[in-house]
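See structure below.
The values are calculated or read from the model by the stated rules, or taken from the named source; none is laboratory data. These figures come from a predicted structure and were not determined experimentally. Here the Cβ is made from the backbone with ideal geometry for all residues, glycine too, and neighbour counts use every protein chain on show. Surface areas here come from the heavy atoms of the whole protein model, side chains and all, with no ligands, DNA or RNA. Shrake-Rupley method; radii C 1.70, N 1.55, O 1.52, S 1.80 Å.
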Amino acid sequence: MTLATPATTPVQSITWFEIPCADLDGAQRFYEAVVGRPMQRTDFGGDPLAVFSYDRPATGGCLAAGPARKAAGDAGVRIYLDCGSSVEAALARASAAGGTAQAGVVELPHGIGWIGHMRDLDGNLVGLHAPGR
């Protein structure tokens, strides 16, 4: 379902996300393995970032390292990453890359697809979404 403003401009609820990490190089290798796409390194205000691939106007996001960054565990916001065609395949890639697949893959209603969850190398709980199990 796509909602629009009165001027019929599509609106996105999420415009950006950041996943905290202690080791940017290691986290980048991990997430590139999980989503099967390269990330781009950049610097923003002196802080190094690894940015997930995305096409505008899609939501963008990055990995962010530094002393002020700390994994939230089960607290806070949970994001869901597109992981290609299969959640189970992405969870297997996450495990192979050093993460931990969390139990259960769930089918969403109305043909929206499937979701699963993993813990990354820093302990963040991250959702994965795909059209297939």
If you scan region 38-52, which residues turn out to be under 19 Å from residue 83 (Cβ atoms) and surrounded by 14 or more Cβ atoms within 10 Å (Cβ to Cβ)?
39, 50, 51, 52
Confirm whether residue 72 is open to solvent by 40 Å² or more (accessible area, probe 1.4 Å) and either in a loop (DSSP other than H, G, I, E, B) or at pLDDT 95 or above (or both).
yes
Residues being open to solvent by less than 20 Å² (accessible area, probe 1.4 Å) and either free of Cβ contacts under 8 Å to residues at least 24 places away in the same chain or over 15 Å from residue 48 (Cα atoms) (or both) - total across region 14-32:
2
Counting only residues that are open to solvent by 40 Å² or more (accessible area, probe 1.4 Å) and either over 16 Å from the mean Cα position of the chain (by Cα) or in contact (Cβ under 8 Å) with a residue 60 or more places away in the chain (or both), which one in region 87-97 is farthest from residue 33 (Cα to Cα)?
96
Those residues that are open to solvent by less than 60 Å² (accessible area, probe 1.4 Å) and among the β-branched types (Val, Ile, Thr), I need them from region 98-133; list them, please.
105, 115, 126
In region 86-125, the residues that are out of contact with any Phe, Trp or Tyr (no Cβ under 8 Å at 6 or more places or on another chain) and aliphatic (A, V, I, L, M):
89, 90, 91, 92, 96, 101, 103, 112, 118, 125
